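Here is the structure we will look at.
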Amino acid sequence: MRLALFAPFLCCVALQVQAADISVVGLFPGKAVLVIDGGSPKTYSVGNTVTSGIKLVDVNQSTATFDADGKKQRIDIGGHVNRIAPSGASSVTLQADGRGHFMVQGQINGGTMRMLVDTGASLIALPASDAKRLGIDYKKGQIAYVNTANGTVPAYQVMLNSVKIGDITLNQVDALVQESGLSFALLGMSFLNRTEMRREGEQMVLTKRF
């Protein structure tokens, strides 16, 4: 078995539901390596019941999807997602990297996107290459100008249909698309302002407000 086909063991996501703690520590085609309540890693196939009331129902390159008593629980690789209870407020716990930055694996308009949390950015900011990959016709957006290390560059303001980070999904989120001066996406305040942000050491907890 080659775990590197999909995700390294270092990518660990935790799910808490119905008093069970489930960590996704590896993904294979049709299978997931899980740690249940801090036990030893064990491989489960799609369709297996992993603990009382919770079944593994789907696996792809970056996510494992569980069914918890009829409610789908989807976990994206790249952060620690804590779900205290299905009926609780949506939240996500992010882990800082070695440089103290918070990188998140999320989804924009249903497409996978890796973003840097940036409280200094007023809006989500996307490189034009990523916007094209996501099918965003940004040239129809209102033109603006932003300051970069290479000077002032044009940008296009667009409306994103949905932005999903861990357990939090927001609809109709403002964003900017830059054709130059941006090498990766920024998760700015147009998303963060709609959450409560709490820093706990090397972790940041985001809880959906509205």
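Tabulated data
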{"quantity": "Identity of the residue in segment 123-145, over 26 Å from the mean Cα position of the chain (by Cα) and among the aliphatic types (A, V, I, L, M), that ends up surrounded by the most Cβ atoms within 10 Å (Cβ to Cβ)", "calculated": "Ala144"}
{"quantity": "Where a residue in segment 26-52 is among the basic types (Lys, Arg) and its partner, wherever it lies, is surrounded by fewer than 12 Cβ atoms within 10 Å (Cβ to Cβ) and modelled with pLDDT of 80 or more, with Cβ under 7 Å and at least six apart", "calculated": "Lys31/Ser45"}
{"quantity": "Any chance Leu160 is within 14 Å of Met113 (Cβ to Cβ) and of a type in the set (A, V, I, L, M, F, W, C)", "calculated": "yes"}
{"quantity": "One residue from Gly188, Gly181, Gly166 being buried (at least 20 other Cβ atoms within 10 Å of the Cβ), touching a strand residue (DSSP E or B) at 6+ places or on another chain (Cβ under 7 Å), closer than 19 Å to Arg114 by Cβ and at pLDDT below 90", "calculated": "Gly166"}
{"quantity": "Test result for Thr152, surrounded by 14 or more Cβ atoms within 10 Å (Cβ to Cβ), assigned to a strand (DSSP E or B) and either modelled with pLDDT of 80 or more or of a type in the set (Gly, Ala, Ser) (or both)", "calculated": "no"}
{"quantity": "Check on Gly120, farther than 15 Å from Val163 by Cβ, assigned by TED's automatic domain parsing to the domain that holds Asn193, at pLDDT 90 or above and surrounded by 13 or more Cβ atoms within 10 Å (Cβ to Cβ)", "calculated": "no"}
{"quantity": "Hits in segment 4-43 - residues which are surrounded by fewer than 17 Cβ atoms within 10 Å (Cβ to Cβ), in a loop (DSSP other than H, G, I, E, B) and at pLDDT below 80", "calculated": "Pro8, Phe9, Leu10, Gln18, Ala19, Asp37, Gly38, Gly39, Ser40"}
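The values are calculated or read from the model by the stated rules, or taken from the named source; none is laboratory data. Remember, predicted model here, so these are calculated numbers, not experimental data. Backbone-built Cβ (ideal geometry, glycine too); neighbour counts: all protein chains shown.
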